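The structure appears right after this line, and notes come after that.
Each value in this text was obtained by applying a stated rule to the coordinates, not by laboratory testing. Source: prediction; values computed, not measured. Backbone-built Cβ (ideal geometry, glycine too); neighbour counts: all protein chains shown.
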Amino acid sequence: MQRFHEDRQKALEHGRVGLECTGSNVLMERIIQDEINSLLACEHVSTSELNEAIESLERFREEVLQEG
């Protein structure tokens, strides 16, 4: 699960750079929704881990919106 968390953080940082270049809230929402859907489909993610990931994605959304 730690590796999954690290991979998600890398993807978020990569996504942040892309979002800064495009300035698209639609793209950001799509990335977040895709991440959540991937987590929901994963059988190895507990409810608490899923909630933690969703909170992380929501913080990411807020950070990007504040920076934009």
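A few comments on the model shown:
- A simple spin-label model places pseudo-atoms 7 Å from Cα toward Cβ; at Asn37 and Glu62 they are separated by 2.6 nm.
- Highest mean packing first, where packing is the average number of other Cβ atoms within 10 Å per residue, the peptides 38-45, 58-65 line up as 58-65, 38-45.
- ³J(HN,Hα) computed for each position of segment 29-39 - Karplus, 6.51 cos²θ - 1.76 cosθ + 1.60, integer Hz, glycine/proline x: 4, 5, 4, 4, 5, 5, 4, 5, 4, 4, 5
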